[in-house]
Amino acid sequence: MITGVVTEEWEATLAVTVRAVAGRGEGVETAVDTGFNGFLTLPDSMIASLGLPYHSRTVVTLADGSQVALRQYEASVLWDGTERDVLVLEADGGPLTGMALLRGSRLTLDVEIGGAVIVEPLPQTP
């Protein structure tokens, strides 16, 4: 189980550990963004600090329908005790956790300031 909190800015947040493959890890406070279908976004300063290796460029569609090209980097995320290899998009703003990272999970929110944010694995089906 992964836990977080709803902030005074009404963001559901989770702390995740991000690292370059075979690199040092750093705790990152992220906002959950159910409108983002990728794994994770980080600002360029954090990507540089972690030394994430460049992967490729990709075109993404923003909420307003516009499209932009963003750089992607390779990283590993500690997710509920398991290392997961992910692609991180370089994006302005605060770090975001997207739906690809939440895949296979149940997300529960107590929507009040200081409320619990809980991510649990879905039961395995036979």
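What follows draws every value from the coordinates through simple rules; no lab data is involved. What you see is a predicted model, and the numbers here were worked out from it, not measured in a lab. With ideal geometry, Cβ positions are generated from the backbone for all residues, glycine too; neighbour counts draw on all protein chains shown.
General observations
- The listed residue being without any contact (Cβ under 8 Å) to a residue 24 or more places away in the chain and of a type outside the set (S, T, N, Q), out of 65, 23: 65
Each row is one residue, and each column tells you yes or no for (1) among the polar types (S, T, N, Q); (2) touching a strand residue (DSSP E or B) at 6+ places or on another chain (Cβ under 8 Å); (3) at positive phi.
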| residue | (1), (2), (3) |
| --- | --- |
| 76 | yes, yes, no |
| 79 | no, yes, no |
| 84 | no, yes, no |
| 103 | no, no, no |
| 110 | no, yes, no |
| 116 | no, yes, no |
| 122 | no, yes, no |
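- When residue 32 is tested against (1) closer than 15 Å to residue 92 by Cβ; (2) buried (at least 16 other Cβ atoms within 10 Å of the Cβ), just one condition goes unmet, and that condition is (1).
- The stretch 26-49 - residue that is touching a strand residue (DSSP E or B) at 6+ places or on another chain (Cβ under 6 Å) and assigned to a helix (DSSP H, G or I) and, of those, farthest from residue 73 (Cα to Cα): 44
- Scan of the stretch 5-25 for residues that are more than 13 Å from the chain's Cα centre (by Cα) and either part of a strand (DSSP E or B) or acidic (Asp, Glu) (or both), ordered by number: 5, 6, 8, 9, 11, 25
- Considering residues of the stretch 102-118 that are touching a Leu at 6+ places or on another chain (Cβ under 7 Å) and part of a strand (DSSP E or B) only, the residue farthest from residue 86 (Cα to Cα): 117
- Comparison of 70, 87, 52 shows that the only residue that is in a loop (DSSP other than H, G, I, E, B) and over 25 Å from residue 6 (Cα atoms) is 52.
- Selection status of residue 75, more than 10 Å from the chain's Cα centre (by Cα), part of a loop (DSSP other than H, G, I, E, B) and hydrophobic (A, V, I, L, M, F, W, C): no
- Hey, residue 64 charged (D, E, K, R) and not in a strand (DSSP E or B) or not: yes
- From the list 122, 109, 89, 78, the lone residue that is more than 21 Å from residue 37 (Cβ to Cβ), out of contact with any Asp or Glu (no Cβ under 9 Å at 6 or more places or on another chain) and among the hydrophobic types (A, V, I, L, M, F, W, C) is 78.
- Residue match in the stretch 58-76 (condition: surrounded by fewer than 15 Cβ atoms within 10 Å (Cβ to Cβ) and under 23 Å from residue 116 (Cα atoms)): no
- Residues of the stretch 35-48 satisfying the condition of being surrounded by 12 or more Cβ atoms within 10 Å (Cβ to Cβ) and either among the hydroxyl-bearing types (Ser, Thr, Tyr) or touching a helix residue (DSSP H, G or I) at 6+ places or on another chain (Cβ under 7 Å) (or both): 36, 37, 38, 39, 40, 41
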